[in-house]
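Participant: First the structure, which I've put down as structure tokens, then a few questions once you've had a look.
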Amino acid sequence: MGFSVTESQGPIYRQLAEAIKSLINRKDLLVGSALPPERDLAKRLNVGRITVRNAYKELIEAGILEVRQGSGTFVAGAKPRIEQPLSGLTSFSEDMSARGLLPESRIIRREEAVPTDYEMRLFEVLKDTVMLRLDRLRLVDGQPVALESAVVRHEMVGPEFDETQSLYEALTRNGNRPLHATQRISAASLDAFVAELLEAKAGEPCLQINRTSFGAEKRVIEFTRSYYRSDSFEFVAELTLEN
């Protein structure tokens, strides 16, 4: 188990916990795998035994590791996938909060620039229109689950927009909340960049979702391309048989 300490990144035990969590997310440590005893791992990493104990404790409390009496510490079973209905149009933050989960976003990129040729056609805008491109890593209860890349006209969110807040909240506040959308879901493979952010392996399968949202005048308000870890989400559609 490779591990390096960086003082600026916080307590050593937490760095170790994050390193173990990354190994699990990348499937270098599989469900049911035994972790080394505290004494052995502390010696191997040249850290104090209490450091390893605190790291294990944090991961046990998070449900990532489990203790089997008389056997040791093991990688816990996978959490159930989050069910995401396809019938409603809500933001990621709204969805996760409604389930009692803790959503979190990390900004990967914010860019204000003129539109690409594709964006000019999609949004029906002129070439000097200012577009806002926002890439955000989505986490649930501290675990990375998706990378979202959203594009909107900058004027739609207003000058006071803070990229840490919900994009839909900003659109709504400025009278531009999307009213309906189309979503296209397909199977894809994670490239190296996205895989690293999602703490997965390059080439692993994922769900790619392209969402185009429309406003009252049927003009495109938002386009988002998302990559979801396939072991974290499942999308559910309810169908009715027509007479």
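Participant: How would you classify segment 127-212 from its alpha-carbon gyration tensor, with a ≥ b ≥ c the square roots of the eigenvalues: rounded for a/c under 1.5, else prolate if a/b is greater than b/c, otherwise oblate?
Facilitator: prolate
Participant: By a straight-distance test (C-alpha under 12 Å), which aspartates and glutamates pair with residue 218 as possible cross-link partners, with residues fewer than eight away in the same chain excluded?
Facilitator: Answer for residue 218, where 12 Å is the Cα cut-off: 124, listed by chain and number.
Participant: Anyone know which of 105, 71, 189 comes out most mobile in the 10 Å Cα GNM of the chain?
Facilitator: Result for the chain, Cα springs under 10 Å: 71 fluctuates most.
Participant: Sort the chain into rounded, prolate or oblate with this rule: let a ≥ b ≥ c be the square roots of the eigenvalues of the Cα gyration tensor; rounded if a/c is under 1.5, and if a/c is not under 1.5, prolate when a/b is larger than b/c, oblate otherwise.
Facilitator: Prolate, because a/c is 1.5 or more and a/b exceeds b/c.
Participant: Any idea what the relative contact order of segment 100-236 is, in percent, if you count C-alpha pairs under 8 Å spaced at least 6 apart?
Facilitator: 22 percent
Participant: Moving to a separate point now. Could you name the lysines in cross-link range of residue 57, using Cα to Cα under 21 Å and dropping any fewer than eight places away on the same chain?
Facilitator: 21, 27, 43, 79
Participant: A further question follows. Around residue 130, with a cut-off of 12 angstrom between Cβ atoms, what is the net charge of the other residues, counting Lys and Arg +1 and Asp and Glu -1?
Facilitator: For residues surrounding residue 130, the net value is -2.
Participant: Compute the acute angle (0 to 90°) between the alpha-carbon long axis of helix 49-61 and the principal axis of greatest extent of the alpha-carbon atoms of the chain; round to the nearest 10°.
Facilitator: Helix 49-61 sits roughly 50 degrees off the main axis of the chain.
Participant: Quickly work out the residue 236-to-residue 106 label distance, labels modelled 7 Å from Cα along the C-beta direction, and quote it in nm with one decimal.
Facilitator: Each label point lies 7 Å from its Cα, and together they span 3.0 nm.
Participant: Which whole-number percentage describes the relative contact order of the chain, with Cα contacts under 8 Å and a sequence gap of 6 or more?
Facilitator: That works out to 16 percent.
Participant: Could you tell me which of rounded, prolate or oblate describes segment 7-75, using a ≥ b ≥ c as the square roots of the eigenvalues of the alpha-carbon gyration tensor, with rounded for a/c under 1.5 and, failing that, prolate when a/b is larger than b/c and oblate otherwise?
Facilitator: Numbers: a/c = 1.64, a/b = 1.24, b/c = 1.32.
Because a/c hits 1.5 or more and a/b fails to exceed b/c, segment 7-75 counts as oblate.
Participant: Please report, in debye to the nearest 20, how large the charge dipole of segment 82-236 is about its Cα centre when each Lys and Arg carries +1 at its beta carbon and each Asp and Glu carries -1 there.
Facilitator: With only Lys, Arg, Asp and Glu charged at Cβ, the dipole is about 360 debye.
Participant: Go through 122-131, 217-226 and give me the packing order, highest mean Cβ count within 10 Å leading.
Facilitator: 217-226, 122-131
Participant: I'd like the distance separating the alpha-carbon centroids of segment 130-156 and segment 186-237, in whole Å.
Facilitator: Value for the Cα centre distance between the two parts: 11 Å.
Participant: Between residue 9 and residue 83, what is the label-point separation in nm under the 7 Å Cα-to-beta-carbon projection?
Facilitator: Reported label-point gap for residue 83 and residue 9 is 3.8 nm.
Participant: What number, rounded to the nearest 500 deg cm²/dmol, is the helix-based mean residue ellipticity at 222 nm of the chain, given -39500 (n - 2.57) per DSSP H run of at least four residues and division by all its residues?
Facilitator: After summing the helix terms and dividing by the residues of the chain, the value is -7500 deg cm²/dmol.
Participant: Helix 12-25 versus the longest principal axis of the chain: what is the Cα-based angle in degrees, 0 to 90, to the nearest 10?
Facilitator: 70 degrees
Participant: Of 125, 107, 31, which is farthest towards the positive pole of the chain's charge dipole, taken about the Cα centre with +1 and -1 on the beta-carbons of Lys, Arg and Asp, Glu respectively?
Facilitator: With unit charges placed on the Cβ atoms, the residue in question is 31.
Participant: Okay, moving on. Which residue, 67, 157, 194, has the most motion in a Gaussian network model of the chain that connects Cα atoms within less than 10 Å?
Facilitator: 67
Taken together, the values in this text are just the output of simple stated rules run on the coordinates, not laboratory data. In this text the structure is predicted, and so the values were computed from the model without any measurement. Ideal geometry is used to build each Cβ from the backbone, glycine not excepted, and the neighbour counts take in all protein chains shown.
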